[in-house]
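Q: Below is one structure. I have some questions about it.
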Amino acid sequence: MTRSATIRAPCGRFFTGWVSLAEYRTGRPHSGYSHLMQNAGLTWAQDLGSVTELLSGRFFQPLGRSSSHQTWSSAMVISPLLRGLFGLEWDAKNRSLRLAPQLPAGWDRARLKNVPLGNTTIDLTYERRAGQWRVRATAKSPQVFCLAPQGTPEQPCRTAPATMKEFLAPVKPVEISLPAALPEAGSETRQLKILDETYTAHDATFTLQARARSSYDLPVRLNRPHITVRGAQMSYGKLHIEFPESNADQTETIEFVW
């Protein structure tokens, strides 16, 4: 896990995964995706099969007491990916799969194969269409199964056997693409962070933190018309943000209004 330079405590892959999942579940998918990708990126940061357990809180390097290739650390890539990013929640007893997809802004489609549900498996295809995600679930033979939004009360699935079901989920009015690359080995951590994001009926507010004297051009997907931005400049589908000069990390607030 990479952290702001103001945080010095050791960072673990295991707990980073839980942070990512918690962020997805509390409506902060941008930060959840950053933590997920930082965890996944550690797969290639050292020799394959030697994924570090702990990183320094100041420099991007393993700690001497770190061990590698722990099963629970690997699970903390898979769990936030499936339960957070793809938004899966299982109710095998009632043969139901509840969904709340929060895929990244730059994705238009994705596919999961052999997702277990009770005594069968299904394939899931995600596709952007007209401001929403269309999720298509396909079984190899007719099965009784249901798709529902997360938060739906538990109840038996009483539909007729079928090989295909569809589910529609809305996307947020504003989606920002964040850089997901790991820093250079041994360097001080300095990634851009989205500390918070909130939505109301007519605006979306993002709080970002980065090193002083840094600037970013972030691709933005606007999913409804007549959106204006305050606190930064929009040009050709990118959000230009500048952080002022200072001796400490800087925080900027960006507001999208419609």
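Q: Can you spot a residue in the range 237-244 that is outside any strand (DSSP E or B), aromatic (Phe, Trp, Tyr) and under 24 Å from LEU103 (Cβ atoms)?
A: Among the residues of the range 237-244, not one is outside any strand (DSSP E or B), aromatic (Phe, Trp, Tyr) and under 24 Å from LEU103 (Cβ atoms), which makes the answer no.
Q: Any idea which of ALA75, ALA130 is surrounded by fewer than 18 Cβ atoms within 10 Å (Cβ to Cβ) and either more than 16 Å from the chain's Cα centre (by Cα) or farther than 18 Å from GLY17 by Cβ (or both)? Can you show your working first?
A: On the way: ALA75 fails: either more than 16 Å from the chain's Cα centre (by Cα) or farther than 18 Å from GLY17 by Cβ (or both).
Testing whether each residue is surrounded by fewer than 18 Cβ atoms within 10 Å (Cβ to Cβ) and either more than 16 Å from the chain's Cα centre (by Cα) or farther than 18 Å from GLY17 by Cβ (or both) leaves just ALA130.
Q: Restricted to the range 78-100, and to residues that are closer than 15 Å to THR152 by Cα and in contact with a helix residue (DSSP H, G or I) (Cβ under 8 Å, 6 or more places away or on another chain), which residue is surrounded by the fewest Cβ atoms within 10 Å (Cβ to Cβ)? Full working, then the answer.
A: Kept after step one, since they are closer than 15 Å to THR152 by Cα, are these residues of the range 78-100: 87-100.
Those left that are additionally in contact with a helix residue (DSSP H, G or I) (Cβ under 8 Å, 6 or more places away or on another chain): 87-89.
Details: GLY87: 23, LEU88: 20, GLU89: 17.
Applying the filter and picking the extreme gives GLU89.
Q: Tell me which residues, restricted to the range 214-236, are of a type in the set (Ser, Thr, Tyr), without any contact (Cβ under 8 Å) to a residue 24 or more places away in the chain and part of a strand (DSSP E or B).
A: Start the filter on the range 214-236 by keeping residues that are of a type in the set (Ser, Thr, Tyr), which leaves 214-216, 228, 235-236.
Okay, now just the ones that are also without any contact (Cβ under 8 Å) to a residue 24 or more places away in the chain, so 235-236.
Hit for the range 214-236 is SER235, nothing else.
Q: While we're looking at this one, here's another question. Picking from LEU182, LEU147, which residue would you name as being closer than 30 Å to ALA45 by Cα and not acidic (Asp, Glu)?
A: Details: LEU147 fails: closer than 30 Å to ALA45 by Cα.
Step by step, each of LEU182, LEU147 is checked, and only LEU182 is closer than 30 Å to ALA45 by Cα and not acidic (Asp, Glu).
Q: If you don't mind, there's one more thing I want to ask. In the range 198-213, how many residues are surrounded by 14 or more Cβ atoms within 10 Å (Cβ to Cβ) and either without any contact (Cβ under 8 Å) to a residue 24 or more places away in the chain or within 27 Å of ASN247 (Cβ to Cβ) (or both)?
A: 7
Q: Residue by residue through the range 220-249, note down the ones that are farther than 14 Å from ILE176 by Cβ and either of a type in the set (Asp, Glu) or under 23 Å from the mean Cα position of the chain (by Cα) (or both).
A: ARG224, GLU242, GLU245, ASP249
Q: Hey, another quick one. Just for the range 159-174: of the residues that are over 15 Å from ARG136 (Cα atoms) and over 23 Å from the mean Cα position of the chain (by Cα), which one is surrounded by the fewest Cβ atoms within 10 Å (Cβ to Cβ)? Before you say what the answer is, go through the steps one by one.
A: The first filter runs over the range 159-174 and keeps only residues over 15 Å from ARG136 (Cα atoms), leaving 159-161, 171-174.
With over 23 Å from the mean Cα position of the chain (by Cα) added as a condition, the list becomes 159-161.
On the way: THR159: 13, ALA160: 6, PRO161: 10.
Ranking the candidates gives ALA160 first.
So that you can scan it fast, the table gives a plain yes or no per residue for (1) in a strand (DSSP E or B); (2) under 28 Å from PHE256 (Cα atoms):
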{"position": "THR121", "(1), (2)": "yes, no"}
{"position": "LEU124", "(1), (2)": "yes, no"}
{"position": "GLU127", "(1), (2)": "yes, yes"}
{"position": "ARG136", "(1), (2)": "yes, no"}
{"position": "ALA139", "(1), (2)": "yes, no"}
{"position": "ALA148", "(1), (2)": "yes, no"}
{"position": "GLY151", "(1), (2)": "no, yes"}
{"position": "PRO156", "(1), (2)": "no, no"}
{"position": "GLU166", "(1), (2)": "yes, no"}
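Q: From (1) touching an Asp or Glu at 6+ places or on another chain (Cβ under 8 Å); (2) assigned to a strand (DSSP E or B), pick out the condition that doesn't hold for PRO116.
A: PRO116 satisfies all of (1) touching an Asp or Glu at 6+ places or on another chain (Cβ under 8 Å); (2) assigned to a strand (DSSP E or B) except (1).
Q: Let me ask something else about it. Name the single residue, out of those in the range 107-127 being under 20 Å from ASN94 (Cα atoms) and of a type in the set (Val, Ile, Thr), that is surrounded by the fewest Cβ atoms within 10 Å (Cβ to Cβ). Let's see the steps before the verdict.
A: The first filter runs over the range 107-127 and keeps only residues under 20 Å from ASN94 (Cα atoms), leaving 114-124.
Then keep just the ones that are of a type in the set (Val, Ile, Thr); that gives 115, 120-122.
Numbers: VAL115: 16, THR120: 15, THR121: 13, ILE122: 23.
Only one residue tops the list, namely THR121.
Q: Run down GLY106, GLY41 and say which single residue is among the small types (Gly, Ala, Ser), at pLDDT 75 or above and in a loop (DSSP other than H, G, I, E, B). Reasoning before the result, please.
A: Values: GLY41 fails: in a loop (DSSP other than H, G, I, E, B).
Checking each option against the conditions leaves just GLY106.
Q: Among the residues of the range 191-212, is there at least one that is hydrophobic (A, V, I, L, M, F, W, C), closer than 21 Å to PHE86 by Cβ and part of a strand (DSSP E or B)?
A: Initially, the range 191-212 is screened for residues hydrophobic (A, V, I, L, M, F, W, C), giving 192, 194-195, 201, 204, 206, 208, 210, 212.
Right, trim to closer than 21 Å to PHE86 by Cβ and you get 194.
The next check asks that each one be part of a strand (DSSP E or B); those that pass are 194.
Within the range 191-212 (the criterion being hydrophobic (A, V, I, L, M, F, W, C), closer than 21 Å to PHE86 by Cβ and part of a strand (DSSP E or B)), the answer is yes, since at least one residue qualifies.
Q: I've got another one for you. For the range 180-197, give me each residue that is under 17 Å from the mean Cα position of the chain (by Cα) and loosely packed, with under 12 Cβ neighbours inside 10 Å. Before you say what the answer is, go through the steps one by one.
A: To start, the set of residues in the range 180-197 that are under 17 Å from the mean Cα position of the chain (by Cα) comprises 180-182, 191-197.
Correct list: ALA181 only.
Q: Kindly indicate which of ARG25, ARG65 is at pLDDT below 90 and surrounded by fewer than 21 Cβ atoms within 10 Å (Cβ to Cβ).
A: Of the residues listed, the single one that is at pLDDT below 90 and surrounded by fewer than 21 Cβ atoms within 10 Å (Cβ to Cβ) is ARG65.
The values are calculated or read from the model by the stated rules, or taken from the named source; none is laboratory data. Computed from a predicted structure; not experimentally measured. Quick reminder, even Gly has a Cβ in these numbers, built from the backbone with ideal geometry, and neighbours come from all protein chains shown.
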